[in-house]
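Data first, discussion second: the structure below is written as structure tokens.
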Amino acid sequence: MAEVQTLPDYPRGLDFQQVWAALMENREQLKELTENQKETDRIVKENAERLDRQQEETDRQMKETDRQMKETDRQMKETDRQMKETDRQMRETDRQMKETDRRLGKLGNRFGDVIEHMVAPNLRQKFRELGYDFPKVNQNSIVSDFDNDIFLENDFLLENGDMALLVEVKVNLTTEDVKDHIERLVKMRRYADLHGDKRTFLGAVAGMVITTFVKKYSLKQGFFVIEPSGETFDIIPPNGDPKEW
């Protein structure tokens, strides 16, 4: 006996064409859903990749920030080290300056001793060779005129009846020392006029160290310049006639 094949039981009221049309519509919807899912997957993938890139960039920036912070810390430590080194150098410089001042003080005292024991006894002879006779030599002479507010001190004062020579002695002679000596002679002139002293006053400067510039400047001001020469000293006369006060 032949097998009877049973056809699908379609919903009542629908014919084959209607059912087939419904299936085709479902097929298109499924295809559209599949495409939408692919687009969703693509967007999700792009977002994930973008998030990964952002995270990598954030990690990179954090590492760079950490590196910069470490570098800043290193620079601050180096700056602190340099400041400490600068402070140490300043203290050392201050110590050296004080030591230099101390040595210059000793040198000044030695120079004073040299002036006292070698120069002073020969000043008269040296100036006599230049045509100036000063029979009297005073060391560390002081003028104190309270009534007229005139105060000054001379390292050496060479005198005769008509003329007096004021000598200023420095270890390291400077232009400021020369200017101070000019003021000293102006005061001496004023003091002499107030007390009827009609003598002419001349000036001389002496130094263990005298630069060429200071030497030329002193001579130009009309001063005699006294400078060491071997075991003795030389007196260089000013340019032209010595200045008189």
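Going by what's in this entry, would residue 152 be described as more than 44 Å from the chain's Cα centre (by Cα) and either modelled with pLDDT under 95 or exposed (fewer than 15 other Cβ atoms within 10 Å of the Cβ) (or both)?
No; evaluated as a whole, the condition is false for this residue.
Take the range 200-214 and flag every residue that is in contact (Cβ under 8 Å) with a residue 40 or more places away in the chain and surrounded by fewer than 18 Cβ atoms within 10 Å (Cβ to Cβ).
200
Residue by residue, here is whether (1) at pLDDT 90 or above; (2) in contact with a helix residue (DSSP H, G or I) (Cβ under 9 Å, 6 or more places away or on another chain); (3) assigned to a strand (DSSP E or B) holds:
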| position | (1), (2), (3) |
| --- | --- |
| 125 | no, no, no |
| 158 | yes, yes, yes |
| 171 | no, yes, yes |
| 176 | yes, no, no |
| 181 | yes, yes, no |
| 205 | yes, yes, yes |
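Could you look through the range 1-57, keep only residues that are assigned to a loop (DSSP other than H, G, I, E, B) and of a type in the set (Ser, Thr, Tyr), and pick out the one that is modelled with the highest pLDDT?
This residue is 6.
Quick grid of which residues meet (1) modelled with pLDDT of 65 or more; (2) aliphatic (A, V, I, L, M); (3) surrounded by 15 or more Cβ atoms within 10 Å (Cβ to Cβ):
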residue: 100; (1), (2), (3): no, no, no
residue: 106; (1), (2), (3): no, no, no
residue: 109; (1), (2), (3): no, no, no
residue: 113; (1), (2), (3): no, no, no
residue: 118; (1), (2), (3): no, yes, no
residue: 132; (1), (2), (3): yes, no, yes
residue: 137; (1), (2), (3): yes, yes, yes
residue: 140; (1), (2), (3): yes, no, no
residue: 145; (1), (2), (3): yes, no, no
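The values are calculated or read from the model by the stated rules, or taken from the named source; none is laboratory data. Please read these numbers as outputs of a predicted model, since none were measured by experiment. Because the Cβ atoms are built from the backbone with ideal geometry, glycine has one as well, and the counts that use them run over all protein chains shown.
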